[in-house]
Amino acid sequence: MPIDIRVPTLGESIVDAVIGKWLKHEGDAVNQGEALVELETDKVNVEVTADQSGILQKVVKQEGDLVAVGEVLGIIGESSAETAAPAGNGQKVPTGQFQAGLVVNEKQKTPTGQLPPAQVTSDGQRPPSPLARRIAEEYHVDLSQVRGTSPHGRVTRDDVIGYMEQNTQNTAPSQHIVQAAETPPAPSESQPRTTAPVQAGGIPQIASRGREERVRLSRRRQTIAQRLVEA
């Protein structure tokens with residue numbers, strides 16, 4: 001009998017999570033207690049395990065989606081050996097889902113590469129993920145300017161964060177140069193007054209910094225960084 005894979009209780013005051021990564025795919029065999037999907041929250045990362053052995057029949061929620069506690073993530077069905085049974089004429093009943101005496105063939109699925117019309121925009125792309133929309137609204141980001149990197153061009157949380165970081169890199173140096181030009185430090189009385197070398201454009205030269213490497217923050221670290229900024 002098929003069972004639902006649901007978002008477990010995540011802890012006190014945690015009501016939702018983001019799907020970080022599916023560890024199993026549709027059609028894969030799973031064992032009871034085996035990890036199926038990773039969930040990311042503001043405080044902890046959680047692995048959802050299988051309550052029974054069988055086949056991962058359907059993935060309901062995709063990576064990057066925002067899900068609430070108790071929401072269905074996917075469906076586990078019985079394995080082929082358990083569902084196949086001899087028919088009255090000696091033939092085996094095709095593997096599938098039994099509903100009211102009927103057999104639903106598992107091959108009757110949406111063709112690969114196609115999505116239901118409700119999930120596809122006019123230009124053939126999937127709409128942004130719920131978490132991407134929430135971050136964009138909070139930080140006033142125009143999603144039409146963000147390029148989606150996931151399949152079908154869908155904009156995810158990582159795309160919005162990357163767009164914000166790129167804009168910060170482009171604007172921060174110019175702001176720093178203007179501030180340095182407008183408010184030069186006062187020279188000490190014991191030291192002679194010096195002026196910084198000026199380039200042709202009239203902007204003081206700023207010493208170059210060493211090589212920087214940016215690493216994407218997890219949702220927990222993003223929350224910590226935001227709390228520090230608000231403090």
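The values are calculated or read from the model by the stated rules, or taken from the named source; none is laboratory data. The shown structure was predicted, so the numbers you read here are calculated from the model rather than taken from an experiment. For neighbour counting, all protein chains shown are included, and Cβ atoms are generated from backbone atoms with ideal geometry for every residue, glycine included.
So the values come out like this:
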quantity: Boolean, ASP158 is modelled with pLDDT under 85, surrounded by 14 or more Cβ atoms within 10 Å (Cβ to Cβ) and over 19 Å from VAL60 (Cα atoms); calculated: yes
quantity: Residue tally, condition of a type outside the set (S, T, N, Q) and farther than 15 Å from ARG219 by Cα, over the stretch 11-25; calculated: 6
quantity: Residue within the stretch 69-79 that is more than 15 Å from the chain's Cα centre (by Cα), in contact (Cβ under 8 Å) with a residue 60 or more places away in the chain and loosely packed, with under 13 Cβ neighbours inside 10 Å present; calculated: yes
quantity: Subset tally (residues that are among the polar types (S, T, N, Q), under 25 Å from THR41 (Cα atoms) and modelled with pLDDT of 80 or more) for the stretch 142-155; calculated: 0
quantity: Considering residues of the stretch 14-53 that are among the small types (Gly, Ala, Ser) and over 21 Å from the mean Cα position of the chain (by Cα) only, the residue surrounded by the most Cβ atoms within 10 Å (Cβ to Cβ); calculated: ALA50
quantity: Search result, residues across the stretch 108-134 that are touching a Lys or Arg at 6+ places or on another chain (Cβ under 6 Å), modelled with pLDDT of 75 or more and not small (Gly, Ala, Ser); calculated: LEU131
quantity: Within the stretch 127-150, tally of residues that are part of a helix (DSSP H, G or I) and either in contact with a strand residue (DSSP E or B) (Cβ under 8 Å, 6 or more places away or on another chain) or not hydrophobic (A, V, I, L, M, F, W, C) (or both); calculated: 9
quantity: Residue in the stretch 61-68 that is small (Gly, Ala, Ser) and crowded, with 18+ Cβ neighbours inside 10 Å present; calculated: yes
